[in-house]
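Below is one structure, written out as structure tokens; comments come after it.
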Amino acid sequence: MAADKLRQEIVRVLQGMGVDDAGTIGLDRPRNPEHGDFASNVAMTLSKRLGRPPRQIAEEIVQRIDRGAAGVSDAEVAGPGFINFRLVQDYLHQGLAEILGRDAGYGRSEAGQGQPVNIEFVSANPTGPLHIGHGRQAALGDAVAELMAWSGWKVHREFYYNDAGEQIMRLARSVWARYQQELGNDVPFPEDGYHGDYVREIAREIVAEHGDRFRGDEGDEAVDAMRQFAVARLRAEQNRDLDDFRVRFDEFFLESSLYTSGQVEETIRRLRETGLTYEHEGALWLRTTEFGDDKDRVMVKGTGHPTYFLPDVAYHLSKWERGYHRAINVQGADHHGTVARVRAGVQALGLPAGYPEYVLHQMVLVMRGGQEVKFSKRAGGYVTLRDLFEEAGVDVTRYFFLMRRPESQLTFDLDLALEQSDRNPVYKVQYAHARMSSIFRRAGVTAAEIRAGDADLALLASPAESELVKLLLRFPEEVASSAEGHAPHGICAYLEEVAGAVNSWYHAGNLDPQLRVVGVPEELSRARLVLSRAVQIVLRNGLTTLGISAPERMDREESDT
């Protein structure tokens, strides 16, 4: 990366000035291209330490820097001590060649060095169809996982099934009541039951499979049969929805396995050994306040039943002991209260502070015609993920879920999602990719035929072309920062910036024949085909990290001149 190369040279210069531990050298991209390609305030950060004016330090750095080693053509001091750098043109040409040479691998790195990371997301209770909140989490978790994989981590995607507890029993009692009603028995429906039509569907399937075998039977065996059937049925439906939404998991971890394997009891035993537990009013408590929690937490109720807190601690202990010393949980904002207590619980067992990491996302509001789309009758009170992606499309739905910061509430505008124009951001990005393919067809070449070594890239001399190349060369940095920050919205913003620059470049050729890719002198055409291919690679790779397709043909692009 250009930034890394420049940063290394600045470190070398500072060492020559007696600064061996300058820390991370800040490099920013000026908003105004006239101010250069990178700017650094390193002289200002070192002024107090060196006892010298920042501008004087900046001037010495500029004098000492090896421009060739730094990959810059110019370095100048600005203002009170900023240093502005401009990249050499040769670097841009080498960068284009690298993009084409690495192709599908451009943007990947080995930063993670193959270390394992567990990424848990969705983890929906199998008590109903997936809703749009689950959908945002599915897109977000999958994109975070993919970005981590692109950054060299060995990613393990995990879904934690809460198949035990009171919510599952509510589902079982709801299905039992609907089953009895299907058989003509007048039984009341639980006040806290699940009211969606899907519960009736499950009850009818049980009637079709078992007939009246459980008529009037309120015993544990009958209710447990309803539970098993309903959980299996809803798990299968959720899995189909996720599969069609292009989300895959390496492991489905069952909460019930923590009990059957004895891990919950083992966790209790190990926590007791720490001396941090105590009994109060018949319940077993853990002193989580010792680790920053706002109050101590109950582990086992006076009834002898564990709270939700205990299996959560056991589950994260299992992640650590399975070798996942880095774990990222992608969850809804309603889990905010669990962060401190889970971390405190695992710290009590000797795990490091800050384990696991969390990405918490806000809710989604679906709008159509300025009005909120409130619910699906089948789901009984909410919009299902399948309803949404079957109407808007998987690509659009995933992109819209990802294009805002997770911590911000998301308004999903269905009217905009269905619009085929540059107002729709995912359409704009995909369309820019398709335009490059249309250029190749008009030039009579395939993408695979285009080679950087066959072109004189020095012919890409216009400011618009240079700025576009610089933008493409930022892609590896964008992947790295988005992966480390668990922030796929950064890739969305970057792709939209690239698409905007590409569309401006493309339309300039419509207005001025000399700026076109096809119909200009052959040498210039070859150089611009290389740039077009680099654009296509970056857009495709960026969309790939988000789980979104990169079409080669779209309805409008063939009509473009």
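The values are calculated or read from the model by the stated rules, or taken from the named source; none is laboratory data. For clarity, every value in this text was computed on a predicted model and none was experimentally measured. Cβ sites come from the backbone with ideal geometry, for glycine too, and all protein chains shown count toward neighbours.
Being at pLDDT below 95 and assigned by TED's automatic domain parsing to the domain that holds Ala348 narrows it down to one residue among Lys319, Lys295; which is it?
Working: Lys319 fails: at pLDDT below 95.
Answer to the selection: Lys295.
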| field | Residues that are modelled with pLDDT under 95 and crowded, with 21+ Cβ neighbours inside 10 Å, drawn from the range 512-541 | value | Val517
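Within the range 512-524, track down each residue that is in contact (Cβ under 8 Å) with a residue 24 or more places away in the chain and more than 17 Å from Pro463 (Cα to Cα).
Filtering the range 512-524 down to residues in contact (Cβ under 8 Å) with a residue 24 or more places away in the chain leaves 515, 517-518, 523-524.
Within the range 512-524, Val518, Glu523 meet the criteria.
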| Failed item in (1) closer than 24 Å to Thr127 by Cβ; (2) of a type outside the set (Val, Ile, Thr); (3) in a helix (DSSP H, G or I); (4) in contact with a helix residue (DSSP H, G or I) (Cβ under 8 Å, 6 or more places away or on another chain), with Asp395 passing the rest | (1)
| field | Test for Ala550: is it crowded, with 17+ Cβ neighbours inside 10 Å and within 21 Å of Pro406 (Cβ to Cβ) | value | no
| remark: Of the residues in the range 463-486 that are surrounded by fewer than 23 Cβ atoms within 10 Å (Cβ to Cβ) and of a type in the set (S, T, N, Q), the one that is modelled with the lowest pLDDT is Ser466
| query | Out of all the residues in the range 393-425, which are surrounded by fewer than 20 Cβ atoms within 10 Å (Cβ to Cβ), free of Cβ contacts under 8 Å to residues at least 60 places away in the same chain and under 22 Å from Arg553 (Cβ atoms)? | reply | Gly393, Leu418, Glu419, Ser421, Arg423
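Please state which one of Leu27, Leu46, Leu92 is surrounded by 14 or more Cβ atoms within 10 Å (Cβ to Cβ), more than 20 Å from Ser481 (Cα to Cα) and within 30 Å of the chain's Cα centre (by Cα). First the steps, then the outcome.
Values: Leu27 fails: more than 20 Å from Ser481 (Cα to Cα); Leu46 fails: within 30 Å of the chain's Cα centre (by Cα).
After applying the criteria, what remains is Leu92.
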| remark: The condition from (1) surrounded by fewer than 19 Cβ atoms within 10 Å (Cβ to Cβ); (2) part of a loop (DSSP other than H, G, I, E, B); (3) at pLDDT 95 or above that Ala97 misses is numbered (2)
| said: Yes or no: the range 289-303 includes at least one residue that is of a type in the set (A, V, I, L, M, F, W, C), surrounded by 17 or more Cβ atoms within 10 Å (Cβ to Cβ) and more than 30 Å from Gly128 (Cβ to Cβ). | reply: yes
| task | Determine the pairs where a residue that is in the same structural domain as Leu531 (by TED's automatic domain parsing) and exposed (fewer than 15 other Cβ atoms within 10 Å of the Cβ), located within the range 499-511, has a partner that is not in a helix (DSSP H, G or I) and not acidic (Asp, Glu) with Cβ atoms under 9 Å apart, the partner being 6 or more residues away or on another chain. | result | Asn510/Arg516; Asn510/Thr561
| query | Which pairs do you get when a residue that is over 18 Å from Thr338 (Cα atoms), found in the range 312-328, comes within reach of a residue that is charged (D, E, K, R) and at pLDDT below 95, reach meaning Cβ atoms under 7 angstrom, with the pair 6+ apart or on two chains? | reply | none
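Here are Gln347, Gln331, Gln362: which of them is surrounded by fewer than 18 Cβ atoms within 10 Å (Cβ to Cβ) and polar (S, T, N, Q)? Spell out the reasoning first.
Numbers: Gln347 fails: surrounded by fewer than 18 Cβ atoms within 10 Å (Cβ to Cβ); Gln331 fails: surrounded by fewer than 18 Cβ atoms within 10 Å (Cβ to Cβ).
Among Gln347, Gln331, Gln362, only Gln362 is surrounded by fewer than 18 Cβ atoms within 10 Å (Cβ to Cβ) and polar (S, T, N, Q).
Show me the helices (runs of 4 or more DSSP H) found entirely inside the range 215-329 where at least 2 residues are more than 35 Å from the chain's Cα centre (by Cα). Show your work before the answer.
On the way: elements: 220-244, 255-260, 263-273, 309-321.
By residue number, 220-244, 263-273.
Is it true that Glu255 is more than 30 Å from Val187 (Cα to Cα), modelled with pLDDT under 95 and surrounded by 15 or more Cβ atoms within 10 Å (Cβ to Cβ)? Spell out the reasoning first.
On the way: more than 30 Å from Val187 (Cα to Cα): yes; modelled with pLDDT under 95: yes; surrounded by 15 or more Cβ atoms within 10 Å (Cβ to Cβ): yes.
It is true that Glu255 is more than 30 Å from Val187 (Cα to Cα), modelled with pLDDT under 95 and surrounded by 15 or more Cβ atoms within 10 Å (Cβ to Cβ).
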| field | Qualifying residue in the range 81-88 (condition: more than 34 Å from the chain's Cα centre (by Cα), outside the structural domain of Lys470 (by TED's automatic domain parsing), modelled with pLDDT of 90 or more and surrounded by fewer than 18 Cβ atoms within 10 Å (Cβ to Cβ)) | value | no
| request: Restrict the check to the range 487-498 and report whether at least one residue is touching a Leu at 6+ places or on another chain (Cβ under 8 Å), farther than 22 Å from Ile328 by Cα, surrounded by 15 or more Cβ atoms within 10 Å (Cβ to Cβ) and modelled with pLDDT of 95 or more. | output: yes
| message | Anything in the range 123-176 that is polar (S, T, N, Q) and either within 12 Å of the chain's Cα centre (by Cα) or part of a helix (DSSP H, G or I) (or both)? List them, or say none. | response | Gln137, Gln167, Ser174
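Got a sec? Which of Tyr324, Tyr308 is more than 30 Å from Leu416 (Cα to Cα) and buried (at least 20 other Cβ atoms within 10 Å of the Cβ)? Working first, answer last.
Numbers: Tyr308 fails: buried (at least 20 other Cβ atoms within 10 Å of the Cβ).
Checking each option against the conditions leaves just Tyr324.
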